[in-house]
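Here's a structure for you.
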Amino acid sequence: MPSDPIPTASAPATAPEPPATGRTGGPSAPPVLAEVVRSGFTEGRHRGSLVVLAADGVVDWALGDVSAPVFPRSANKPFQAVACLRAGVPLADERLAMAAASHSGEPFHVELAGRMLAERGFTEDDLQCPADLPLDPAEAETYLAAGHVRARLTMNCSGKHAAMLAACRAAGWPTGDYLDPGHPLQRLVAESLAAAADEPPAATGTDGCGAPLLAVSLTGLARAFRSLVLADPGSPERRVADAMRAHPAHVAGTRRHDTWLMREVPGTLSKMGAEAVQAVALPDGRALAFKLEDGSPRALGPVLARVLERMGLEAPVLARIAEQPLLGGGVPVGAVRPAF
């Protein structure tokens, strides 16, 4: 039996937008933030919610539900680093940036994480994050080709865990249970995030690295990032923001949009989180946070670039961040593009 005929591409074909119904059939689905367009045909959509704060901290505009709690995942790391400083550990510069990092597992990341441990008498065996490959796919290929195996140091959270161990030692706290939600360090993390977000965490879970994970709203997350860039110079919050902005490659990696944005737009603080979370604060106090419901990271860059453009930011790096081509036969045939 012959196959169905393939429609010609004489005019762009677009699949109809499905009705915005929630899981129970009500009108609760988040709006579409990005479309997946291949050969002129919209083959998929990424829904989500986002919020933008004005310089005075009030909500400027928003899409979707920005008051419901979400797990910010690694976008919470700056506040974990703040807690480490409040515990008394004298981290600074690249080491403090690594305390807030989801690093790519490049050699300079792994080497510095190892030094952070050794400087305070720890070894890789003291880390309680799981063994993993480098986060960056190219780095992972190189790492495996060299005959290496998954390790705790190459896990993207190893810098944060090294900082947590150092903080425990500085404060005289036990290190064997440093990931327990009731540990003094983790209670300090919760206090630091709640103060910055101006709301108590709505839930506690376990992150991919094993650390406690605290839920706040997207509006609270944007407020929290805003508080970092506006904090008094020399405060733990400002020290974390300054270290991240001064050493963006240590926060992410050489092929990551957080690095590009912080490096090329001075004063900007940017941090992504797993499950497609992004938070950014500009030096004038404007801030944004968003989450894509399906957790796909491929739409982070296009959505982030569009939000920043709508906020009036003009910088060549936005085109680079927005680029997310779709390949067909090894060549670009479409792209993931913002839908707002």
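Considering L228, L214, which residue is of a type in the set (A, V, I, L, M), surrounded by 14 or more Cβ atoms within 10 Å (Cβ to Cβ) and in contact with a Lys or Arg (Cβ under 8 Å, 6 or more places away or on another chain)? Lay out the reasoning, then the answer.
Details: L214 fails: in contact with a Lys or Arg (Cβ under 8 Å, 6 or more places away or on another chain).
From the options L228, L214, the qualifying one is L228.
Take T154 and decide whether it is outside any loop (DSSP other than H, G, I, E, B) and surrounded by 14 or more Cβ atoms within 10 Å (Cβ to Cβ).
Details: outside any loop (DSSP other than H, G, I, E, B): no; surrounded by 14 or more Cβ atoms within 10 Å (Cβ to Cβ): yes.
In short, no.
So G273 passes all but one of these: (1) touching a Lys or Arg at 6+ places or on another chain (Cβ under 7 Å); (2) surrounded by fewer than 18 Cβ atoms within 10 Å (Cβ to Cβ); (3) in contact (Cβ under 8 Å) with a residue 60 or more places away in the chain; (4) more than 18 Å from V36 (Cβ to Cβ). Which condition number does it fail?
Going through (1) touching a Lys or Arg at 6+ places or on another chain (Cβ under 7 Å); (2) surrounded by fewer than 18 Cβ atoms within 10 Å (Cβ to Cβ); (3) in contact (Cβ under 8 Å) with a residue 60 or more places away in the chain; (4) more than 18 Å from V36 (Cβ to Cβ) one by one, G273 breaks only (2).
Now for a separate question. Only one of these is free of Cβ contacts under 8 Å to residues at least 12 places away in the same chain, β-branched (V, I, T) and out of contact with any Phe, Trp or Tyr (no Cβ under 6 Å at 6 or more places or on another chain): T154, T142. Name it. Explain how you work it out, then say what you get.
Numbers: T154 fails: free of Cβ contacts under 8 Å to residues at least 12 places away in the same chain.
The conditions single out T142.
Just one of T254, T259 is open to solvent by 40 Å² or more (accessible area, probe 1.4 Å) and either closer than 24 Å to A140 by Cα or in contact with a strand residue (DSSP E or B) (Cβ under 6 Å, 6 or more places away or on another chain) (or both); which is it? First the steps, then the outcome.
On the way: T259 fails: open to solvent by 40 Å² or more (accessible area, probe 1.4 Å).
Sole residue among the options that is open to solvent by 40 Å² or more (accessible area, probe 1.4 Å) and either closer than 24 Å to A140 by Cα or in contact with a strand residue (DSSP E or B) (Cβ under 6 Å, 6 or more places away or on another chain) (or both): T254.
Look at the stretch 38-52 and say how many of its residues are β-branched (V, I, T) and either in a loop (DSSP other than H, G, I, E, B) or surrounded by 21 or more Cβ atoms within 10 Å (Cβ to Cβ) (or both).
Taking the stretch 38-52 as the starting set, the residues that turn out to be β-branched (V, I, T) are 42, 51-52.
Filter once more, keeping what is either in a loop (DSSP other than H, G, I, E, B) or surrounded by 21 or more Cβ atoms within 10 Å (Cβ to Cβ) (or both): 51-52.
Residues flagged as β-branched (V, I, T) and either in a loop (DSSP other than H, G, I, E, B) or surrounded by 21 or more Cβ atoms within 10 Å (Cβ to Cβ) (or both) within the stretch 38-52 amount to 2.
Filter the stretch 281-337 for residues that are over 25 Å from P69 (Cβ atoms), in contact (Cβ under 8 Å) with a residue 60 or more places away in the chain and in a strand (DSSP E or B) and give the result.
L326, G328, V333, G334, A335, V336, R337
Say we look at the stretch 53-66 and pick out the residues that are in a loop (DSSP other than H, G, I, E, B) and hydrophobic (A, V, I, L, M, F, W, C); which of these is surrounded by the most Cβ atoms within 10 Å (Cβ to Cβ)? Steps first, answer last, please.
Applying the first criterion (in a loop (DSSP other than H, G, I, E, B)) to the stretch 53-66 yields 54-58, 64-66.
So of that shortlist, the ones also hydrophobic (A, V, I, L, M, F, W, C) come out as 54-55, 58, 66.
Details: A54: 15, A55: 14, V58: 7, V66: 22.
Out of the qualifying residues, it is V66.
Something else now. Check the stretch 167-175 and report whether any residue there is of a type outside the set (G, A, S), out of contact with any Ser or Thr (no Cβ under 8 Å at 6 or more places or on another chain), part of a helix (DSSP H, G or I) and open to solvent by 10 Å² or more (accessible area, probe 1.4 Å).
No - not one qualifying residue is present in the stretch 167-175.
Is it the case, given these coordinates, that F108 is surrounded by fewer than 21 Cβ atoms within 10 Å (Cβ to Cβ) and within 21 Å of the chain's Cα centre (by Cα)? Give the steps one after another, and end with the answer.
On the way: surrounded by fewer than 21 Cβ atoms within 10 Å (Cβ to Cβ): yes; within 21 Å of the chain's Cα centre (by Cα): yes.
The answer is yes for F108.
Being in contact with a Leu (Cβ under 6 Å, 6 or more places away or on another chain) and crowded, with 18+ Cβ neighbours inside 10 Å is the filter here, so list the residues in the stretch 129-151 that pass it.
Of the residues in the stretch 129-151, the ones in contact with a Leu (Cβ under 6 Å, 6 or more places away or on another chain) are 140, 150.
Residue satisfying the conditions is A140 alone.
Let me ask something else. Tell me whether the stretch 228-235 contains one or more residues that are touching a Ser or Thr at 6+ places or on another chain (Cβ under 7 Å) and more than 24 Å from D294 (Cβ to Cβ). Reasoning before the result, please.
Narrowing the stretch 228-235 to residues touching a Ser or Thr at 6+ places or on another chain (Cβ under 7 Å): none.
Within the stretch 228-235 (the criterion being touching a Ser or Thr at 6+ places or on another chain (Cβ under 7 Å) and more than 24 Å from D294 (Cβ to Cβ)), the answer is no, since none of the residues qualifies.
A further question on this structure: Test D198 against the stated conditions and say whether it is more than 23 Å from the chain's Cα centre (by Cα) and among the acidic types (D, E). It would help to see each step written out before you state the result.
On the way: more than 23 Å from the chain's Cα centre (by Cα): no; among the acidic types (D, E): yes.
No: the conditions fail for D198.
Next question. Of everything in the stretch 163-174, what is farther than 14 Å from P78 by Cα and either aliphatic (A, V, I, L, M) or touching a Leu at 6+ places or on another chain (Cβ under 9 Å) (or both)? Give them in sequence order. Lay out the reasoning, then the answer.
At the first step, the residues of the stretch 163-174 found to be farther than 14 Å from P78 by Cα are 165-174.
Within the stretch 163-174, L165, A166, A167, C168, A170, A171, W173 meet the criteria.
Turning to a different aspect of this structure: Filter the stretch 119-128 down to residues that are open to solvent by less than 70 Å² (accessible area, probe 1.4 Å) and either closer than 13 Å to G253 by Cβ or in a helix (DSSP H, G or I) (or both), then give me how many there are.
Number satisfying all stated conditions: 2.
Do we have any residue at all in the stretch 67-75 that's in a strand (DSSP E or B) and at pLDDT 90 or above? Talk me through it step by step, then tell me what you get.
At the first step, the residues of the stretch 67-75 found to be in a strand (DSSP E or B) are 69-70.
From what's left, at pLDDT 90 or above: 69-70.
Yes, that holds for at least one residue.
The values are calculated or read from the model by the stated rules, or taken from the named source; none is laboratory data. Predicted, not measured: the structure shown is a model, and the values here were computed from it. Because the Cβ atoms are built from the backbone with ideal geometry, glycine has one as well, and the counts that use them run over all protein chains shown. Only protein heavy atoms, including side chains, enter the accessible area calculation; ligands, DNA and RNA are left aside. Shrake-Rupley method; radii C 1.70, N 1.55, O 1.52, S 1.80 Å.
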